[in-house]
Amino acid sequence: MSFIDSHCHINFHELSENITGVLATMQQNEVLAALCVSVNLADFPQVLSLAEQYPHIYASVGVHPDYENVEEPTVAQLVALARHPKIIAIGETGLDYYRLTGDLDWQRERFRTHIRASRECGKPLIIHTRSAAEDTLRLMVEEGADQVGGVMHCFTENRAVAQAALDLGFYISFSGIVTFKNALQIKEVAKFVPLDRLLIETDSPYLAPVPYRGKLNQPAYVKHVAEEIALLRGVSVEEVARQTRANFNKLFQLFV
Ligand code: NI
């Protein structure tokens, strides 16, 4: 049995300062590979260097919607940086009306830039959406995100939003939140999403799953996400592991 963590931030100092230990624990827990997701351009060189250094670490390029006063990427810049073979996705991008308020036109513009870059380079999108589902879906439709596809990461929306994203050809990824006792809506959605459209992730160093809730998260813990989804759906953990690995390979055109 083996797992893939489809979304982590092992370049963040909490994890990068102990990268050897983090990778060893991954291996002990049969986590085969991980996608290290960029959040801004300044830290992109570190993200890329992890992917270049370790064969089973992949990476993305993008600027997260929560980073307000940072270098704004252009389509051409994202496309150029995505040309590297270990850069397998554009993101994370999207909208977040929870962390930031006020005039967020810049956030929507930035999201459009990422969708355009994704379409141009043919690499899928990693989308973050929080308290902004309606606008997120609207921009995805307006910019033709369905033509390239991708993943709605750390999914916390309802079933209708999941269905709309599935209709656009997107995968739905669940984080450790699905293991939290009070996350009833997310547990419902995790039962509803077809198994061949589902991914698992840690979003580490944040959001550690039960039994590590509140502690430092790491890619090795993605198996606890798989275990919860298996339990909810009444299938074996092996089945969830096998299918989410196949989904990851299909979406990112890999053979991990
Ligand atoms: Ni993230």
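Filtering the stretch 7-36 to residues that are in contact (Cβ under 8 Å) with a residue 40 or more places away in the chain, within 13 Å of the ligand (Cβ to nearest atom), surrounded by 20 or more Cβ atoms within 10 Å (Cβ to Cβ) and outside any helix (DSSP H, G or I) leaves 7, 8, 9, 10, 34, 35.
Between 245, 233, 213, 197, the distinction of being touching a residue at least 60 places away in the same chain (Cβ under 8 Å), open to solvent by 40 Å² or more (accessible area, probe 1.4 Å) and out of contact with any Cys (no Cβ under 8 Å at 6 or more places or on another chain) belongs to 245 only. Just one of the listed residues (47, 39) is open to solvent by less than 20 Å² (accessible area, probe 1.4 Å), part of a loop (DSSP other than H, G, I, E, B) and modelled with pLDDT of 95 or more, and it is 39.
Counting the residues of the stretch 122-159 that are among the acidic types (Asp, Glu) and within 16 Å of the ligand (Cβ to nearest atom) gives 1. Among the residues of the stretch 55-66, the ones that are within 18 Å of residue 10 (Cβ to Cβ) and either open to solvent by 50 Å² or more (accessible area, probe 1.4 Å) or within 12 Å of the ligand (Cβ to nearest atom) (or both) come to 5 in all.
For residues that are within 16 Å of the ligand (Cβ to nearest atom) and aromatic (Phe, Trp, Tyr), tally how many sit in the stretch 95-121.
2
The values are calculated or read from the model by the stated rules, or taken from the named source; none is laboratory data. Predicted, not measured: the structure shown is a model, and the values here were computed from it. Ideal geometry is used to build each Cβ from the backbone, glycine not excepted, and the neighbour counts take in all protein chains shown. Quick note on the areas: whole protein, heavy atoms, side chains included, nothing else; ligands and nucleic acids left out. Shrake-Rupley method; radii C 1.70, N 1.55, O 1.52, S 1.80 Å.
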